[in-house]
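A short worksheet on the structure shown next.
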Amino acid sequence: MPQEPVTQPNAWNRGGHFVAFWRQTFAVAEADVRKLSHDPVELLTRMTQPALWLLVFGQVFARAHVIPTGGISYLDFIAPGILAQSVLFIAIFYGISIIWERDLGILQKFLVSPASRYALVLGRALSAGVRGLSQLFIVYVLSFILGVHLRLDLGSAPIVLMAVMMGSAIFSTFSLIAACVVKTRERFMGIGQVLTMPLFFTSNAIYPLSMMPSWLRSISKMNPLTYQIDAIRSAMIAGGQSIFGLGVDFAVMLAILVLLISIATKLYPNIIN
């Protein structure tokens, strides 16, 4: 009588581990996102920064006509950059919540659970991506009111959604790494403030790469925010074009996200020491 293949149980085990991994990941993400639903005031305060940039900075420079924007208005050009900037500013301070959870004893409960370290970190990144979508709604509404020429077709929406979520996941994971290294709220806030402005001003958020000196252009091409904005601008704005190509934009963001998750997974348990 023929024997059954010995690989069948292993295949089932692998499938079971895969399902368990994603169940753990979504559980961490869901618990994190639930906090936002309990604090609607936070959503309102998030409107302030993109509103100021679009209403003040964008309107003033749109009248100056000094920045070449490739056939689109300056307000159209800057709107995707402000969306990415607002996502960056929220995600880069995401690690402060990890320090708070450690001080309250919540983080220790996560770390002693049977959940994979990768699931814990990926769940955090996924929840940060969902949080970033609130900025997407705010910036789209403001842009529509200001007369920005938005693309509202079904083909562009998934690209913008994915770019916003990936950018938020990248910078929140980077923030998690910083929190694991510095371990105190005071030091972390200093690190976050130091990082946000260089990341923003070395990207193509408020001026095109063609205006930059060669040394700054080289730095910009190593900045993940540049690729996030490039993808958003091509899909969000009528007449917007991707400089690098959407394939390159998402490939770079994915590679950086995988690298950061791998580093964060190694450092994550160290935050409680």
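Close Cβ contacts (under 9 Å, 6 or more residues apart or on different chains) running from residues in the stretch 225-254 that are part of a loop (DSSP other than H, G, I, E, B) to residues that are acidic (Asp, Glu) and at pLDDT below 95 comprise ALA238/ASP76; GLY239/ASP76; GLY240/ASP76.
Starting from residues that are out of contact with any Leu (no Cβ under 7 Å at 6 or more places or on another chain) and in contact (Cβ under 8 Å) with a residue 40 or more places away in the chain, keep the ones in the stretch 98-112 and report whichever is nearest to GLY167 (Cα to Cα).
Of all residues in the stretch 98-112, those out of contact with any Leu (no Cβ under 7 Å at 6 or more places or on another chain) come to 99-100, 102-109, 111-112.
When the remaining residues are screened for being in contact (Cβ under 8 Å) with a residue 40 or more places away in the chain, the result is 99-100, 102, 107-108, 111.
Details: ILE99: 22, TRP100: 23, ARG102: 25, LEU107: 24, GLN108: 28, LEU111: 26 Å.
Per the criteria, the residue is ILE99.
Of all residues in the stretch 232-249, those satisfying the criterion of being crowded, with 20+ Cβ neighbours inside 10 Å and either touching a Lys or Arg at 6+ places or on another chain (Cβ under 8 Å) or farther than 16 Å from PHE200 by Cα (or both) are SER234, ALA235, MET236, ILE237, GLY240, ASP249.
Residues of the stretch 67-94 that are closer than 16 Å to SER134 by Cβ and part of a helix (DSSP H, G or I): ILE82, LEU83, ALA84, GLN85, SER86, VAL87, LEU88, PHE89, ILE90, ALA91. Given the structure, is PRO80 at pLDDT 90 or above and either touching a strand residue (DSSP E or B) at 6+ places or on another chain (Cβ under 7 Å) or surrounded by fewer than 22 Cβ atoms within 10 Å (Cβ to Cβ) (or both)? Yes: the conditions hold for PRO80. Sub-8 Å Cβ pairs linking a first residue in the stretch 56-72 that is of a type in the set (Asp, Glu) to a second residue that is surrounded by 14 or more Cβ atoms within 10 Å (Cβ to Cβ), at least 6 apart or interchain, number zero.
Taking the conditions (1) loosely packed, with under 10 Cβ neighbours inside 10 Å; (2) among the aliphatic types (A, V, I, L, M); (3) modelled with pLDDT of 80 or more in turn, VAL41 satisfies each one other than (3). The lone criterion from (1) surrounded by 16 or more Cβ atoms within 10 Å (Cβ to Cβ); (2) out of contact with any Ser or Thr (no Cβ under 6 Å at 6 or more places or on another chain); (3) within 16 Å of LEU142 (Cα to Cα) left unmet by THR48 is number (1). Taken over the stretch 160-206, residues that are part of a helix (DSSP H, G or I), out of contact with any Phe, Trp or Tyr (no Cβ under 7 Å at 6 or more places or on another chain) and small (Gly, Ala, Ser) amount to 5. Screening the stretch 139-173 for residues that are of a type in the set (A, V, I, L, M, F, W, C) and out of contact with any Leu (no Cβ under 8 Å at 6 or more places or on another chain) and picking the one that is surrounded by the fewest Cβ atoms within 10 Å (Cβ to Cβ) gives LEU154.
The single condition from (1) modelled with pLDDT of 85 or more; (2) within 23 Å of LYS35 (Cα to Cα) that ALA128 fails is (1).
Quick one: how many residues across the stretch 131-154 are among the hydroxyl-bearing types (Ser, Thr, Tyr) and at pLDDT 85 or above? Residues in the stretch 131-154 being among the hydroxyl-bearing types (Ser, Thr, Tyr) and at pLDDT 85 or above: 2 in total.
The values are calculated or read from the model by the stated rules, or taken from the named source; none is laboratory data. In this text, all values refer to a predicted model and were calculated from it rather than measured experimentally. Positions of Cβ are generated from backbone atoms using ideal geometry, with glycine treated the same way; all protein chains shown enter the neighbour counts.
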